[in-house]
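See below for the structure under consideration.
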Amino acid sequence: MVGSPLSGSPAKPPGWRSIPLELSKWLAREKDEEAVDSFIAYTATCMVVSLDTTLARRAAEISAAHKLATADAIIYATAERHDADILTCDAHFKDLERVIYIDKKD
């Protein structure tokens, strides 16, 4: 998800590092070290959002409506709440609103 830069960013929650880890692994495998460094620098400016009950309920609705996995539905619900777009190469998001889909083959 495209994040919003923050001044005086709050501490990142413990599980937050798994997202950059997965994307960094993919970038290192598919692109190069410069792409990894650029991505990590960008994530340092992103907003971290808590998963509250309202967001979780909306994610459950989205999961059922679009047959998305729980984590993907949370991502989508969070983007919806913050009026943000989702930049992804995951095909299961491809035809949803507010998604900028990039085919991995490109």
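Summary table
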{"read-out": "Of 67/94; 31/67; 67/105, those spanning more than 21 Å from alpha-carbon to alpha-carbon", "value": "31/67; 67/105"}
{"read-out": "The range 51-106: relative contact order as a whole-number percent, Cα under 8 Å and 6+ apart", "value": "23"}
{"read-out": "Cβ-derived FRET efficiency at R0 41 Å, residue 37 paired with residue 85, nearest 0.05", "value": "0.95"}
{"read-out": "Segment residue 25-residue 96, length gained on full extension (0.36 nm per residue, minus Cα span)", "value": "23.0 nm"}
{"read-out": "Loop-located trypsin sites (Lys or Arg not before Pro) in the range 51-106, at most 16 other Cβ atoms within 10 Å (DSSP)", "value": "67, 94, 98, 104, 105"}
{"read-out": "Descending principal axes extents, the range 51-106, alpha-carbon based, whole Å", "value": "38, 21, 15"}
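Since every read-out is calculated from the coordinates, none of them should be taken as a lab result. Computed from a predicted structure; not experimentally measured. Positions of Cβ are backbone-derived with ideal geometry, glycine not excepted, and every protein chain shown enters the neighbour counts.
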